[in-house]
Amino acid sequence: AQSVTQPDIHITVSEGASLELRCNYSYGATPYLFWYVQSPGQGLQLLLKYFSGDTLVQGIKGFEAEFKRSQSSFNLRKPSVHWSDAAEYFCAVVPSGGSNYKLTFGKGTLLTVNP
Amino acid sequence: DTAVSQTPKYLVTQMGNDKSIKCEQNLGHDTMYWYKQDSKKFLKIMFSYNNKELIINETVPNRFSPKSPDKAHLNLHINSLELGDSAVYFCASTPLTGHSGYTFGSGTRLTVV
């Protein structure tokens, strides 16, 4: 069955530390991949996306993600976390090809940043 | 100008009432969606319209009825509201190709009491 998994429900890091949020997918063909961020009480903001080409994708707010086909993963990273990065992070996928553009989300990872 | 705007932002209503949430996008996108985010933050698609035509209809009670008067608007009407309908509802839009990512509205927090 097609699915997207975020193994970590909650991650706590100290301000200035590095961050990696994990995302794995299970689809027949490599889907289009996205990371969204949701700050408390806010909507969803697109951080970055991957369709094809360079497997290291740069996004907004200093985030990057690396696509690894062999591991069916699309992990989000940031070298130095700021307190304002505390939020819920969602990995999401859209099947590539065809006309089904249904965006399916993982269950999210809540990031807490300690001062 | 807000790209995808939803109204109202907050909605508190009693069980059994009928309510509507409105959504408008000024991005020229072809496809619009409604998503529901439950209390555990899980986001699930409800409906999708492409140029006023319904293309995705997930397993949603028929008390929920989307309406798209034109491709820039997608409204959600809910009849006979139940406690379990309490959630945040997000509208989103995307170009026809879909893979450029969705643009989301800021959400409507519905509380049924």
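The values are calculated or read from the model by the stated rules, or taken from the named source; none is laboratory data. A quick note: this is a predicted structure, and the numbers were derived from the prediction, not measured. Don't worry about glycine lacking a Cβ; one is built from the backbone with ideal geometry, like all the others, and counts go over all protein chains shown. Accessible surface is based on the protein model in full, side chains and every heavy atom, while ligands, DNA and RNA are left aside. Shrake-Rupley method; radii C 1.70, N 1.55, O 1.52, S 1.80 Å.
Among the residues of segment A:23-60, count how many are buried (at least 17 other Cβ atoms within 10 Å of the Cβ), farther than 26 Å from residue B:105 by Cβ and not hydroxyl-bearing (Ser, Thr, Tyr).
1
Looking only at segment A:68-96, count every residue that is in a strand (DSSP E or B) and either charged (D, E, K, R) or within 14 Å of chain B (Cβ to nearest Cβ) (or both) and tell me the total.
Number of matching residues: 12.
Among the residues of segment A:1-42, write down those that are of a type in the set (D, E, K, R) and either free of Cβ contacts under 8 Å to residues at least 24 places away in the same chain or part of a loop (DSSP other than H, G, I, E, B) (or both).
Correct list: A:8, A:15, A:22.
So is residue B:100 surrounded by fewer than 21 Cβ atoms within 10 Å (Cβ to Cβ) and within 11 Å of chain A (Cβ to nearest Cβ) or not?
So residue B:100 fits the description; yes.
Residues to consider are B:86, B:106, B:93, B:68; find the one that is within 21 Å of residue B:38 (Cα to Cα) and either more than 14 Å from chain A (Cβ to nearest Cβ) or touching a Lys or Arg at 6+ places or on another chain (Cβ under 6 Å) (or both).
When all the criteria are applied, what remains is B:86.
Among the numbered criteria (1) touching a residue at least 24 places away in the same chain (Cβ under 8 Å); (2) open to solvent by 40 Å² or more (accessible area, probe 1.4 Å), which one does residue B:51 miss?
Of (1) touching a residue at least 24 places away in the same chain (Cβ under 8 Å); (2) open to solvent by 40 Å² or more (accessible area, probe 1.4 Å), only one is false for residue B:51: (1).
Which numbered condition trips up residue A:3, out of (1) among the small types (Gly, Ala, Ser); (2) over 15 Å from the mean Cα position of the chain (by Cα); (3) open to solvent by 40 Å² or more (accessible area, probe 1.4 Å)?
(2)
Name the one entry in B:44, B:67 that is under 26 Å from residue A:6 (Cβ atoms), open to solvent by 20 Å² or more (accessible area, probe 1.4 Å) and modelled with pLDDT under 95.
When all the criteria are applied, what remains is B:44.
When segment A:97-115 is examined, which residues are found to be within 7 Å of chain B (Cβ to nearest Cβ), modelled with pLDDT under 95 and surrounded by fewer than 21 Cβ atoms within 10 Å (Cβ to Cβ)?
A:102 - this is the single residue of segment A:97-115 that is within 7 Å of chain B (Cβ to nearest Cβ), modelled with pLDDT under 95 and surrounded by fewer than 21 Cβ atoms within 10 Å (Cβ to Cβ).
Would you call residue B:27 of a type outside the set (Gly, Ala, Ser) and surrounded by 13 or more Cβ atoms within 10 Å (Cβ to Cβ)?
Considered against the rule, which asks whether it is of a type outside the set (Gly, Ala, Ser) and surrounded by 13 or more Cβ atoms within 10 Å (Cβ to Cβ), residue B:27 comes out as yes.
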